[in-house]
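J.: Take a look at this one; I'll ask things after.
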Amino acid sequence: MTAIRTEGLRKIYPLAVPKRRGRRAPSAPFGPPGQSALPPAAANGARELVALEGLDLEVGEGEFFGLLGPNGAGKTTTLGILTTRVVASAGRASVAGADVINDPVGVRRRIGVVPQRANPDRGLNVLENLVFHSAYFGIARADAMRRAVALLEQFGMGEKADAKVDALSGGQQQRLMIARALIHEPGVIFLDEPTVGLDPQARLALWDVLRTLHRQGRTIVMTTHYMEEAEQLCDRLAIIDRGRLLALDTTVSLKAKAPGGTLIELDLNGPADDAAAQVRAMDYVSKAEAVGDVLRVHSAAGGRIISAVIEATEAAGRHVRNITLTEPSLETLFIELTGRKLD
Amino acid sequence: MNELVTPGPVSALTVFWALLRRDVRVARKELPFFLVRTMMQPVLFLTVFGFLLPKMGMVRGGYQTALLPGILAVSLALSAIQSVALPMVQDFGWTKEIEDRLLAPVATWVIAAEKIVAGMLQGIIAALFVLPIARLIMGPIANLTFGHFGDVLMVTVLGAAAFSSLGMWLGTGIAPQQIGLMFSVIVAPMMFFGCAYYPWRGLDAVPVMKYVVLINPLTYVSEGMRGALTPELPHMSLLVSTSALLVICAFFWVAGLRSFYKRAIG
C-alpha cells in the first residue's frame, strides 16, 4: 500500500519585487521565526524561485522515509505541500489516499506533524495542549484526557502534565510536539528536522521514540540534514538538492553506491586544476577533481597518500591551507551527487 | 503491525466550537490583564472628560450624555481589533503557535472565522465592563435609556464584528515590526475622528469634517450607540449607521479571511 505519492511536484515562489506594496517572502511554515523558506539563491536578481522542480516520490505504508538535503534543498517545501500548508505550483500529491488539493481536510485528519521548532500553545499548560489538540480532531474530552495522560507517561513527562510549556526543556518540548502529533492517532507522521537544536542526549532519546513509532507500523516521513540520523533511522532515503531528486533508494543501497575510497579534500591557495592533473596520475587515486580552489581526491589507500598528494600539489605550485578526510558514507555520496557538502 | 487508522470525519462546527473553547480558556486565564488593557483608556477619558471637565464647568452638562455612547464604541472597537490583530501578528510573525490549529481537520477559513468571533466576544465584554464604570465615574446620565435593547444589541454585535474582522485584516496583513505603526497611524486617528468624543451632528460646525469622518467605521458605531442609547438626542439615523456597519462588516470579513488564508497557506 502506498501512503504517500507525489507526481511532478513543482513549487515556484514569486520573489518580492520592491515596488508598490512589496510582498513578503513566504516564511517557512514549520521553520524557525524570521527564517525564510527560500534558499539563499533567492538573493540574486531572479523574479521567481524554483523551490521544487518536478518531484516524484512514493512512500509505502509503514515505511520510515527520509528526505535528506542541505538547507534550501526543498525539504521543508515538500513537507509543507504534503501537510497541506503549501500549495504546489504544479503536480499532484496524495497522503493516505487523500489528495492534498482536493481534500486537504481529509489529509489533515490522517496526519500528525512535528515542526522543526517546537511551537506549543503557550496559553495552555502541557496537558491542555494535548487535550485541546484532540478536541480539534473531534475526540471527546474523557477519551482525550486518557490518551493525553498515556502519551505523557510514555514520553516520561507524566509529572509535567500541569506544568507551563515554558517550564519544559527543549527536548521535552519536542517530545510534547510528538505527543501532540500522535494524539489523534494518525497513520502518517511528518517530522521536519526534529532534532535540530537538541543536545546529544535528547537527540538519542528522540531517536528511540521514533524507532518505537516505526515498530508500531506508522508511516514516518522525516527531513534531516544529518547524515547519521538518516543512516540510523530511515528505511529509504531521497536525496534532494535545489528542488530536484538526486537519488532514491534504501539506506543500505545508497551507502553501497557511495564512491569507493576515502575522500580527501584539500583547500588550496588558488585554482586546483593543475594540482588535480598531477594527482590523477598517482597510485591509489581513483579520482581527482578540481572544484575552484578545492582539490577532491578519492583515495583507495585511506589517508596514507596524503603526504604524496601534498607534494604533488606543491609541485603544481599551490600551497595547502586545510585538509579534510571523509570515509565512504552517505556524506561522500552526497558530495559526489551535488558537488557540495550538506551543511 | 498497525493499520493506517483513519479517524472519522469531524464536523466544522465541532472544530469551531473546540477552537472557541480554547480561546475562552486562554482569555479566562488572562482576564485581569485583559481588563487592565481594555479599561485603562476609557477610565482615563471618562475621568477627565466625563468627570473633571464638567466639574470645572468647562463643558456643558449634555456632554456626558454624548460621551458615554462614544466611549462604549471606542472600547468595543479597540478591544475587538486588539484581541484579533495582536495574536495574529505574534502567531504568524514569530511564535508560530497557531500552527497546531492550522492542522485541524477543517477548512482554513473556519479557523479565521472563529478568531473573529472570539474577538467579537472580547469587544462585547469590554463594552459590558465599561458601562458600569462610566456610570460610577460620571454619576447619573440624563437621557440614557436601555429601552431599545434590541438596537443596542444590534449595534454592539455589528460594531464588534466590523472591528474584529478589521483586526484580522490588519493582523494578518501587517509585518510584526510595524505593529506600533498600526496603532499610531491607523488606530489612533480612527479613535479621534470616529465621533466618539463628540456627536456627528456637532460637526455641522465644521462641514468638511462631517463628511471626512464618514470613511471611519468607528463613526457608525459611535452614532449607532447614540441612536440606541440616547435616541432623544440628535444622532445619525440608526438605519444609516447599521446599514453602513453591515457593509463594513462584509468588506472586512472577506478581506480578513482572505488575508488569513494567504498567511496560512503558502
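J.: Would you pick out the residues in the range B:174-210 that are within 14 Å of another protein chain (Cβ to nearest Cβ), outside any helix (DSSP H, G or I) and exposed (fewer than 15 other Cβ atoms within 10 Å of the Cβ)?
T.: Step one: filter the range B:174-210 for residues within 14 Å of another protein chain (Cβ to nearest Cβ), giving B:174-178.
Among the residues that remain, those that are also outside any helix (DSSP H, G or I) are: B:174-175.
The one that is within 14 Å of another protein chain (Cβ to nearest Cβ), outside any helix (DSSP H, G or I) and exposed (fewer than 15 other Cβ atoms within 10 Å of the Cβ): B:Ala175.
J.: I would also like to ask the following. Which pairs turn up if I take residues in the range A:77-105 that are touching a residue at least 60 places away in the same chain (Cβ under 8 Å) and at positive phi and look for partners that are of a type outside the set (A, V, I, L, M, F, W, C) and assigned to a loop (DSSP other than H, G, I, E, B) with beta carbon separation below 9 Å, at least 6 apart in sequence or on another chain?
T.: The qualifying pairs are A:Ala96/A:Glu61; A:Ala96/A:Pro186; A:Ala96/A:Gly187; A:Ala96/B:Thr6.
J.: Please state which of the following conditions A:His214 fails to meet, knowing it meets all the rest: (1) in the same structural domain as A:Leu237 (by TED's automatic domain parsing); (2) out of contact with any strand residue (DSSP E or B) (no Cβ under 7 Å at 6 or more places or on another chain); (3) not small (Gly, Ala, Ser).
T.: (2)
J.: Surrounded by fewer than 21 Cβ atoms within 10 Å (Cβ to Cβ), away from chain A (no Cβ under 14 Å), of a type outside the set (Gly, Ala, Ser) and farther than 20 Å from B:Leu72 by Cα, is that true of B:Pro234?
T.: Against the criterion (surrounded by fewer than 21 Cβ atoms within 10 Å (Cβ to Cβ), away from chain A (no Cβ under 14 Å), of a type outside the set (Gly, Ala, Ser) and farther than 20 Å from B:Leu72 by Cα), B:Pro234 does not qualify.
J.: Also, I was wondering about something else. Does A:Val221 satisfy the condition of being farther than 29 Å from B:Trp17 by Cα and either within 20 Å of the chain's Cα centre (by Cα) or of a type in the set (Gly, Ala, Ser) (or both)?
T.: It is true that A:Val221 is farther than 29 Å from B:Trp17 by Cα and either within 20 Å of the chain's Cα centre (by Cα) or of a type in the set (Gly, Ala, Ser) (or both).
J.: Among the candidates A:Gly97, A:Gly158, A:Gly106, A:Gly170, which residue alone is surrounded by fewer than 18 Cβ atoms within 10 Å (Cβ to Cβ) and closer than 20 Å to A:Ile220 by Cα? Reasoning before the result, please.
T.: Working: A:Gly158 fails: closer than 20 Å to A:Ile220 by Cα; A:Gly106 fails: surrounded by fewer than 18 Cβ atoms within 10 Å (Cβ to Cβ); A:Gly170 fails: closer than 20 Å to A:Ile220 by Cα.
None of the other options fit; the residue is A:Gly97.
J.: Also: Give the residue, chosen from B:Gly57, B:Gly62, B:Gly70, that is closer than 21 Å to B:Val152 by Cα and either free of Cβ contacts under 8 Å to residues at least 12 places away in the same chain or more than 14 Å from the chain's Cα centre (by Cα) (or both).
T.: On the way: B:Gly57 fails: closer than 21 Å to B:Val152 by Cα; B:Gly70 fails: either free of Cβ contacts under 8 Å to residues at least 12 places away in the same chain or more than 14 Å from the chain's Cα centre (by Cα) (or both).
Of B:Gly57, B:Gly62, B:Gly70, the one residue that is closer than 21 Å to B:Val152 by Cα and either free of Cβ contacts under 8 Å to residues at least 12 places away in the same chain or more than 14 Å from the chain's Cα centre (by Cα) (or both) is B:Gly62.
J.: Given the options A:Gly112, A:Gly74, name the one that is small (Gly, Ala, Ser), crowded, with 23+ Cβ neighbours inside 10 Å and within 12 Å of the chain's Cα centre (by Cα).
T.: A:Gly74
J.: OK, next. From the residues in the range A:271-328 that are exposed (fewer than 13 other Cβ atoms within 10 Å of the Cβ) and in a loop (DSSP other than H, G, I, E, B), which one is nearest to the chain's Cα centre (by Cα)?
T.: A:Glu327
J.: List the number of the failed condition for B:Phe49; all other conditions in (1) touching a strand residue (DSSP E or B) at 6+ places or on another chain (Cβ under 8 Å); (2) farther than 30 Å from A:Gln116 by Cα hold.
T.: So the condition that B:Phe49 fails would be (1).
J.: Determine whether A:Ala202 is in the same structural domain as A:Ile111 (by TED's automatic domain parsing), within 30 Å of A:Val114 (Cα to Cα) and not in a helix (DSSP H, G or I). It would help to see each step written out before you state the result.
T.: Values: in the same structural domain as A:Ile111 (by TED's automatic domain parsing): yes; within 30 Å of A:Val114 (Cα to Cα): yes; not in a helix (DSSP H, G or I): no.
It is false that A:Ala202 is in the same structural domain as A:Ile111 (by TED's automatic domain parsing), within 30 Å of A:Val114 (Cα to Cα) and not in a helix (DSSP H, G or I).
J.: A follow-up question, please. Kindly provide the set of residues from the range A:79-129 that are outside any helix (DSSP H, G or I), under 29 Å from A:Ala202 (Cβ atoms) and more than 9 Å from chain B (Cβ to nearest Cβ), ordered by number.
T.: The answer is A:Val95, A:Val114, A:Gln116, A:Ala118, A:Asn125.
J.: Across the range B:83-124, which residue is nearest to B:Gly256 (Cα to Cα) among those that are in contact with an Asp or Glu (Cβ under 6 Å, 6 or more places away or on another chain) and not charged (D, E, K, R)?
T.: The extreme case among them is B:Ala118.
J.: Moving on. Of all the residues that make up the range A:234-276, how many are free of Cβ contacts under 8 Å to residues at least 60 places away in the same chain and polar (S, T, N, Q)?
T.: Here the count works out to 3.
J.: Right, something else. Looking at (1) touching a Phe, Trp or Tyr at 6+ places or on another chain (Cβ under 6 Å); (2) surrounded by fewer than 20 Cβ atoms within 10 Å (Cβ to Cβ), which is the only condition B:Val36 fails?
T.: (1)
J.: While we're on this one: Condition test on B:Gly266, is it more than 14 Å from chain A (Cβ to nearest Cβ), touching a helix residue (DSSP H, G or I) at 6+ places or on another chain (Cβ under 7 Å) and within 30 Å of A:Val87 (Cα to Cα)?
T.: So B:Gly266 fails the test.
J.: Taking the range B:215-250 only, how many residues are assigned to a helix (DSSP H, G or I) and in contact (Cβ under 8 Å) with a residue 24 or more places away in the chain?
T.: Qualifying residue count, the range B:215-250: 21.
J.: Separate question: Do the conditions hold for B:Ser165, that is, is it more than 14 Å from every other protein chain (Cβ to nearest Cβ) and polar (S, T, N, Q)? Break it down stepwise before answering.
T.: Working: more than 14 Å from every other protein chain (Cβ to nearest Cβ): yes; polar (S, T, N, Q): yes.
Considered against the rule, which asks whether it is more than 14 Å from every other protein chain (Cβ to nearest Cβ) and polar (S, T, N, Q), B:Ser165 comes out as yes.
Here is a yes/no grid of residues against (1) surrounded by 24 or more Cβ atoms within 10 Å (Cβ to Cβ); (2) at pLDDT 90 or above:
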{"site": "B:Pro87", "(1), (2)": "no, yes"}
{"site": "B:Ile98", "(1), (2)": "no, yes"}
{"site": "B:Val106", "(1), (2)": "yes, yes"}
{"site": "B:Ala113", "(1), (2)": "no, yes"}
{"site": "B:Ala118", "(1), (2)": "no, yes"}
{"site": "B:Ile133", "(1), (2)": "no, yes"}
{"site": "B:Gly147", "(1), (2)": "no, no"}
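J.: Then there is this: Could you list, ordered by first residue, the pairs with Cβ atoms under 7 Å in which the first is in the range B:9-22 and more than 8 Å from chain A (Cβ to nearest Cβ) and the second is surrounded by 21 or more Cβ atoms within 10 Å (Cβ to Cβ) and of a type outside the set (S, T, N, Q), at least 6 apart or interchain?
T.: B:Ala12/B:Val106; B:Phe16/B:Glu114; B:Leu20/B:Glu114; B:Leu20/B:Ala118
The values are calculated or read from the model by the stated rules, or taken from the named source; none is laboratory data. Note that this is a predicted model, so its numbers are computed, not measured. Reconstructed Cβ throughout: ideal geometry from the backbone, glycine too, with neighbour counts over all protein chains shown.
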